[in-house]
């Protein structure tokens with residue numbers, strides 16, 4: 001019998017604080033070569049959206065996430081992200097668990113956004129904000145809250161921002177500008193609009209750019225990337241399909257000028273170099289992060305009442 005973690009069961013099994021720790025350890029394991037993955041494969045159904053296949057291997061387990069991203073779905077009453085995560089035992093190849101991909105994605109996206117902010121932001125950073133309060137933005141806000149940070153929220157849909165603020169006891173920013181001025185900034189938008197034009201970020205600020213996770217998306221201007229100390233989750237993905245792609249294509253950014261977050265967490269590379277420099281983190285979403293959340297959920301399988309079991313015999 002194989003446990004099936006619905007979205008509700010994923011959230012019950014893995015708290016934002018546990019997701020934060022699990023994703024941090026996964027980044028470091030990947031940087032040390034202990035965990036493996038290949039860049040995600042996109043199957044385009046543009047302009048409506050795309051399908052993505054994401055494999056990873058680590059900790060004695062293998063994972064495949066088959067997931068969609070259809071940004072227009074909310075207007076139809078449907079989720080943007082749907083799909084399944086399949087977890088197997090490496091020693092036998094046997095199926096161990098199936099999980100809702102949307103919930104896994106939200107947890108690891110929120111964890112990665114805040115992990116980058118806390119790792120790369122100034123030690124004296126006092127304000128945090130999330131711009132974009134959809135599923136993944138809510139997850140980032142929940143993670144900030146789990147770490148004890150007060151968080152400002154802003155969304156083009158003021159009611160959505162108010163709903164998340166009410167859930168978390170957070171504050172809705174008076175304006176987008178107020179939110180974008182936070183010491184630790186997380187942007188989780190569809191990536192159809194440049195939120196941060198050249199010159200927008202101030203000295204010492206950090207931004208985790210979570211929205212531009214595919215071709216043609218951008219939340220920040222190329223000129224602003226060139227002003228910053230640049231970090232990413234994975235160079236291969238970020239340079240070809242993430243926020244950094246346009247800067248690389250324009251000749252404004254090279255591999256040597258970019259540091260992977262996992263290398264910083266593993267003690268293999270330098271992070272922030274001064275209180276004055278601007279740091280940015282480009283997230284494209286890694287299968288090793290999904291593996292971290294899936295394993296954290298599997299640990300709790302025996303503690304969840306009503307967890308469905310699949311009979312595949």
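The values are calculated or read from the model by the stated rules, or taken from the named source; none is laboratory data. From a predicted model like this one, the values you see are computed outputs, not experimental measurements. We place every Cβ from the backbone using ideal geometry, glycine too, and count neighbours over all the protein chains shown.
Select from region 252-261 the residues that are assigned to a helix (DSSP H, G or I), touching a helix residue (DSSP H, G or I) at 6+ places or on another chain (Cβ under 7 Å) and surrounded by fewer than 24 Cβ atoms within 10 Å (Cβ to Cβ) and list them in ascending order. I'd like the intermediate steps shown before the answer.
Filtering region 252-261 down to residues assigned to a helix (DSSP H, G or I) leaves 255-257, 261.
Okay, now just the ones that are also touching a helix residue (DSSP H, G or I) at 6+ places or on another chain (Cβ under 7 Å), so 255, 261.
Answer for region 252-261, where residues must be assigned to a helix (DSSP H, G or I), touching a helix residue (DSSP H, G or I) at 6+ places or on another chain (Cβ under 7 Å) and surrounded by fewer than 24 Cβ atoms within 10 Å (Cβ to Cβ): just 255.
Residue 271 - would you say it is in contact (Cβ under 8 Å) with a residue 24 or more places away in the chain, buried (at least 24 other Cβ atoms within 10 Å of the Cβ) and in a loop (DSSP other than H, G, I, E, B)?
no
Filter the strands (runs of 3 or more DSSP E) completely within region 47-98 down to those with at least 2 residues that are modelled with pLDDT under 95 and assigned by TED's automatic domain parsing to the domain that holds residue 132.
In region 47-98, there are no strands (runs of 3 or more DSSP E) which contain 2 or more residues that are modelled with pLDDT under 95 and assigned by TED's automatic domain parsing to the domain that holds residue 132.
If you take the residues in region 24-46 that are more than 28 Å from residue 216 (Cα to Cα) and not in a helix (DSSP H, G or I), which one is nearest to the chain's Cα centre (by Cα)?
Checking each candidate, the answer is 35.
Could we say that residue 131 is surrounded by 24 or more Cβ atoms within 10 Å (Cβ to Cβ) and either in contact (Cβ under 8 Å) with a residue 24 or more places away in the chain or not assigned by TED's automatic domain parsing to the domain that holds residue 272 (or both) here?
yes
Could you please find all residues in region 168-178 being under 22 Å from the mean Cα position of the chain (by Cα) and in a helix (DSSP H, G or I)?
168, 176 - these are the residues of region 168-178 that are under 22 Å from the mean Cα position of the chain (by Cα) and in a helix (DSSP H, G or I).
How many residues does region 276-291 hold that are within 11 Å of the chain's Cα centre (by Cα) and either within 14 Å of residue 232 (Cα to Cα) or in a loop (DSSP other than H, G, I, E, B) (or both)?
Count: 7.
Considering every residue within region 116-128, establish whether at least one is touching a residue at least 40 places away in the same chain (Cβ under 8 Å), part of a strand (DSSP E or B), buried (at least 24 other Cβ atoms within 10 Å of the Cβ) and assigned by TED's automatic domain parsing to the domain that holds residue 182.
There is at least one residue in region 116-128 that is touching a residue at least 40 places away in the same chain (Cβ under 8 Å), part of a strand (DSSP E or B), buried (at least 24 other Cβ atoms within 10 Å of the Cβ) and assigned by TED's automatic domain parsing to the domain that holds residue 182.
Condition first: touching a helix residue (DSSP H, G or I) at 6+ places or on another chain (Cβ under 9 Å) and surrounded by 15 or more Cβ atoms within 10 Å (Cβ to Cβ). Now tell me which residues in region 37-52 satisfy that.
Within region 37-52, 37, 39, 40, 42, 49 qualify.
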